[in-house]
Every structure is written in structure tokens, then in C-alpha cells.
Amino acid sequence: MSLLIALLPGMPDVVRADEDIRPFDHVIERIDRLEFYRLADFGPPESACYPCQIAQHVKCDQSCYTEIPSVSLICTQKIRGLSIGPFDREERARVLGELFKTDTIFITTTVGDEPLEAPRVASIAGDEDNDYAIDIEGLEGFKNTLIRASTSPEQFSVTVGSERYTIPLSYKVKDGLYRFLKQCPD
């Protein structure tokens, strides 16, 4: 008897699926922005990025925020959207290709995956050549969808192409979401 394992085109690779096991469990609030990171990605207490767990820490090198995976929710009078990254050139091309096929992201709420049309998509390079962010703006119904997502008992997810960002709804995350949504214009 033999076992055959195949990866189909378009399916996320094993590394990406493995990363989703580690949810984005740390939140940093910045008035009109809510940033989610994995706490373990800041490193041990003696590492240079460890102090960056606290927003605007004096001893924090900005590269600590740009070099670890994150998903940021943004809500201002003009922008309702999210930013994800960092990606290398190849990953960026793959995610943008998937996104441009559907022009849709999905946010998991208590009623299932809710699609939101992504009318504006941009990709911005950071300081390094392989440090790209993908910004998605103009999401109609963004606030109401996030309100429904925040009522989930355990977690919610944001899916962009094959990238799935899972955010557990701890008390700290719920408090941050509440303040974020309160200032978010309708």
C-alpha cells in the first residue's frame, strides 16, 4: 500500500497553513488603526523587538513592526480597510493575483464568511526590497461587518486570497475593537 500526497495549484502551502495555527494574539491600538501581531514574534525579553509590544515604546526600532507579520484594521473618514504584510516579491505577486481575481476579502462573523468588495488595492514597498505591504481600502460595510465579527464567542478571521489571519477575541482584543469601532465613522 502506498500513500500519495498532492498539492493542488492555488492551495496555500504547508508553511502558510502552519502559520495560521499561531493566531494574531497581540493588539496595538493607534487611534484610527488597530494592529494585530503574534506576541511570540517580538522575541524573548532580551531581544531588540521585545519592547515593541507596547505601542510607541521609546527604545523600539521601527523595523520591528515592519519585519514581522501583521494585519492592521484602518478606519478614518476617508479610509476603511486593512493592511497586511510583510511579503517578499513572490508572495506579494501571489496574493495580489488572488485578490485581483475576486476583488473580495472575507471576514468571518457569527453568520459565516461575509464578503467585502475591495475597490482599491495598493502594494507599497518598505525599506527593504522584499518588504511589501498590501493595502485594501474602500470596504463598504466594513464597520458593521467588524461589529458582527466582534460578537463571535472565540475568534474571527480575515481572509485575503489564500491568506487567513485568525484573531482570538481576548478581553484585550475586544476592548481594542470596541474603541476602534466607536471612533470609526458610519
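The values are calculated or read from the model by the stated rules, or taken from the named source; none is laboratory data. Given the structure is predicted, the values throughout are model-derived calculations rather than measurements. Every residue, glycine as well, gets a Cβ built from its backbone with ideal geometry; the counts of neighbours run over all protein chains shown.
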Checklist entry - Which one of these is on the phi < 0 side of the Ramachandran plot and at pLDDT 90 or above: Cys75, Cys60? => result Cys75
Item to check | Check on Gly176, buried (at least 18 other Cβ atoms within 10 Å of the Cβ) and not in a loop (DSSP other than H, G, I, E, B) | outcome: yes
Next on the checklist: For the condition part of a helix (DSSP H, G or I), buried (at least 18 other Cβ atoms within 10 Å of the Cβ) and touching a residue at least 60 places away in the same chain (Cβ under 8 Å), what is the one hit in Leu82, Leu99?
Outcome noted: Leu99
Checklist entry - Within the stretch 160-179, can you find the residues that are touching a helix residue (DSSP H, G or I) at 6+ places or on another chain (Cβ under 8 Å) and over 19 Å from Arg38 (Cβ atoms)? => result Gly161, Tyr178
Checklist entry - Where residues in the stretch 124-166 are part of a strand (DSSP E or B) and aromatic (Phe, Trp, Tyr), which of them is modelled with the lowest pLDDT? => result Tyr132
Checklist entry - Do we find a residue being buried (at least 16 other Cβ atoms within 10 Å of the Cβ), among the basic types (Lys, Arg) and assigned to a helix (DSSP H, G or I) anywhere in the stretch 89-96? => result yes
Checklist entry - Does Ala40 count as at pLDDT 80 or above, aliphatic (A, V, I, L, M) and assigned to a helix (DSSP H, G or I)? => result yes
